[in-house]
1. List the number of the failed condition for Pro63; all other conditions in (1) without any contact (Cβ under 8 Å) to a residue 60 or more places away in the chain; (2) surrounded by 14 or more Cβ atoms within 10 Å (Cβ to Cβ); (3) part of a loop (DSSP other than H, G, I, E, B); (4) out of contact with any Pro (no Cβ under 9 Å at 6 or more places or on another chain) hold.
2. From (1) in contact (Cβ under 8 Å) with a residue 40 or more places away in the chain; (2) within 23 Å of Tyr50 (Cβ to Cβ), pick out the condition that doesn't hold for Lys89.
3. Tell me yes or no: at least one residue of region 40-59 is over 14 Å from the mean Cα position of the chain (by Cα) and within 26 Å of Gly152 (Cβ to Cβ).
4. Taking region 102-139 as the region of interest, how many residues are within 17 Å of Lys48 (Cα to Cα), open to solvent by 50 Å² or more (accessible area, probe 1.4 Å) and free of Cβ contacts under 8 Å to residues at least 40 places away in the same chain?
5. Looking at the structure I just gave you, is Lys178 in contact with a Gly (Cβ under 9 Å, 6 or more places away or on another chain) and in a strand (DSSP E or B)?
6. Answer with yes or no whether Thr78 is of a type outside the set (A, V, I, L, M), touching a strand residue (DSSP E or B) at 6+ places or on another chain (Cβ under 7 Å) and closer than 30 Å to Gly180 by Cβ.
7. Could you please find all residues in region 140-181 being open to solvent by 60 Å² or more (accessible area, probe 1.4 Å), in contact (Cβ under 8 Å) with a residue 12 or more places away in the chain and among the hydrophobic types (A, V, I, L, M, F, W, C)?
8. Which of (1) assigned to a loop (DSSP other than H, G, I, E, B); (2) open to solvent by 60 Å² or more (accessible area, probe 1.4 Å); (3) of a type outside the set (Val, Ile, Thr) is the odd one out, the single condition Lys48 does not satisfy?
Amino acid sequence: MHRKFLATALLCATAALAFAQAKTTLKNVPAAARRSAVPPMPGTLPTKFYTTYTYTVYLIYAPKYSPKPTNTRGVGGTLTLGPTGRYEKKLKFPGPYGTNHFDEVGRYTLKGKNIEFTYNDSKGKAVTYGGTFDYSEPALALTMVLNQEADGGREVFGLVVAGSETVKRTFNDDGTVKMGN
């Protein structure tokens, strides 16, 4: 599925087929998961980590199609990471026929520098994906490298704490962030 997603996103930058799912609502998340009050990784991340982020960078690496990453310019939306392991994603990006939206509500878990997201698709089937993340408190930024494949295919997301979008920072192709230009 990830190869299809990467190829579709690379070819048309819309990923319309992968994102044509109906919106996932909290009622689709199993009741046991909704009741969980245990933070994903207690005591190791600052309280400021659990907040709403704005998407600013979305790079797609698909070595099968190109040695260089595709920067899907115009990506936007938010990712909210709650302290109880609940997340809400509202991703939007431009396409040839207008803006595409991809919304998810589900659970996330953290283990060291690994992050895993689980949500139910429009048919009620659990979908899980993940990768690595890095949180920079000084930069008010979160980077995630998701859906990593053996051939080097991956997605790199750069997010900033909502409200700090005007702070100057640079996201590198590997997902690291630095302050300034």
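The values are calculated or read from the model by the stated rules, or taken from the named source; none is laboratory data. These numbers come from a predicted model, not from an experiment. Because the Cβ atoms are built from the backbone with ideal geometry, glycine has one as well, and the counts that use them run over all protein chains shown. Each accessible area value is taken on the protein alone, full model and side chains, heavy atoms only, with ligands, DNA and RNA left out. Shrake-Rupley method; radii C 1.70, N 1.55, O 1.52, S 1.80 Å.
1. Of everything listed in (1) without any contact (Cβ under 8 Å) to a residue 60 or more places away in the chain; (2) surrounded by 14 or more Cβ atoms within 10 Å (Cβ to Cβ); (3) part of a loop (DSSP other than H, G, I, E, B); (4) out of contact with any Pro (no Cβ under 9 Å at 6 or more places or on another chain), Pro63 misses just condition (1).
2. Among (1) in contact (Cβ under 8 Å) with a residue 40 or more places away in the chain; (2) within 23 Å of Tyr50 (Cβ to Cβ), Lys89 violates only (1).
3. No, that holds for no residue.
4. So the answer is 1.
5. No.
6. Answer is yes for this residue.
7. Within region 140-181, just Met179 meets the criteria.
8. All conditions are met except number (1).
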